[in-house]
1. How big is the dipole moment of the chain about its Cα centre under a simple scheme where the beta carbon of each Lys and Arg is +1, that of each Asp and Glu is -1, and everything else is neutral? Debye, nearest 20, please.
2. Give me 83, 200, 106 sorted ascending by neighbouring Cβ count inside 10 Å, so fewest comes first.
3. In terms of modelled amide H atoms, which long-range or inter-chain residues lie less than 5 Å from the amide H of residue 273?
4. Please check the chain for the longest run free of GluC sites (Glu not before Pro) that are loop-located per DSSP (anything but H, G, I, E, B) and have at most 16 other Cβ atoms within 10 Å.
5. Tell me, what ³J(HN,Hα) does each residue in the stretch 313-320 have, in order and in whole Hz, if you take phi through Karplus 6.51 cos²θ - 1.76 cosθ + 1.60 with θ = phi - 60° and put x for Gly and Pro?
6. What are the aspartates and glutamates whose alpha-carbon lies under 16 Å from the alpha-carbon of residue 138, with same-chain residues fewer than 8 places away excluded?
7. Give the lysines whose C-alpha is closer than 26 Å to that of residue 87, dropping any in the same chain fewer than 8 places away, or say none.
8. Arrange the following residues from fewest to most other Cβ atoms within 10 Å of their Cβ: 237, 48.
Amino acid sequence: MTPQAAEGRRAFLRFLAASPLFALAARAGELPIVDDLIASPEDALNVFDFEAVARQRVPPAHFGYMATGVDDDATLRANRDGFARLKIRPRRLVDVREVDASTELFGRRWTTPIVIGPVGSQRAFHPDGELATARAAKASGHLQVLSTVSTTSVEDVSAARGEPVWFQLYPSSDWAITERLIARVEAAGCPVLVLTVDLFAGTNRETQARYKKRDSRTCTACHAGTQPSYVSRKPMFDGLDVSRLPDVVEAQGLTWDFVDRLRARTRMKLVLKGIVAAEDARLCLEHGVDGIVVSNHGGRAEESGRATIESLPEVLEAVGGRIPVLVDGGIRRGTDILKALALGARAIAIGRPYVWGLGAFGQPGVEKVLELLRAELTLAMRQAGVTSLAKLDRSYLV
């Protein structure tokens, strides 16, 4: 093969590896995994470049835990497909030399609407785990939300971030455990508590199970198969006796009474994550909730088959601007972000993309993922002819 032909082949393989359609087909076993991967974060053209590297560097069971949906992964795919059904309606002859992509949440202005969403067990993807993510967030000024099942304590993550992070709460069936967690994050200075309400009915994660079969490691020391043993290894549960609880972080008896109890217990802003219906959005207002994240747990909770971007309009209409609404699920491009914000979301949250960066290259990978998405959003705003998020509305979409 001539040098010119070889370079042409490599360029073609890089094109394939960057394609989101290729990534879906490769996971389904329809295409081979291309081994012509980016060698550094700076080589990446988009966030999908990091997924291919992470798939090779992260242990199969850990990658499967992150990549999986439930049942046939229909909701996971719907989160992506939902954005394709929205089209951008650009305006012309607008001076877009200066573009303002800042947003405000609870009296704080952020230079970007891209939030680092909560993902548990980040040391499963890189030894530095949540600390690498926090340092990347600090470097680029992103809001970070920490998971209850983080592999690093809230105190250490906030120190690495340079300020207190928001804290995502999985409620326990034992109120005393929940109360201890609240007291700890309050002491750490966390300004916002994000209660997850979409993961209490159990899940059937077949993709995760298939990846696990490819992993030759002995994992019983870390994964004994019970929720108490899993949770007891997480730093946020240090000093707490969870051995006798059937559902430490997925209390199936959760109701609005729990929200009322939580609201009365803390002065932190209270955000509910997992709201997808107008009826529940209106109940959020009745129960004193300060904000909503429209989320289906990245397609990892229920197999509704419905995208979060499709759920967003009815939630926004129900709250009528009285509280901020964020959205996550399937966001991979700056145009996705623009579409969500044009519908009325105050900010968006990402999960898998920054974990791909973390698994591929650690902190530099996370930083590059965030950089790419910010650059794509700015470009999308310019192409749409909108100079600030304050001017962005549904008239920019069809």
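Read-outs: derived from the displayed coordinates by stated rules, not from any lab. These figures come from a predicted structure and were not determined experimentally. Backbone-built Cβ (ideal geometry, glycine too); neighbour counts: all protein chains shown.
1. On the way: 51 positive and 48 negative charges, 141 e Å.
So the magnitude is around 680 debye.
2. Values: 83 22, 200 17, 106 14.
Starting with the residue having the fewest Cβ neighbours, the order is 106, 200, 83.
3. 195, 196, 197, 293
4. On the way: sites that count: 30, 98.
So the longest stretch without any such site is 99-398.
5. Those phi angles translate into x, 5, 5, 4, 5, 5, 8, x Hz.
6. Correct list for residue 138: 128, 130, 155, 156, 163, 367, 371.
7. Here the lysines satisfying the reach criterion relative to residue 87 are 339, 391.
8. Working: 237 22, 48 19.
Result, fewest neighbours first: 48, 237.
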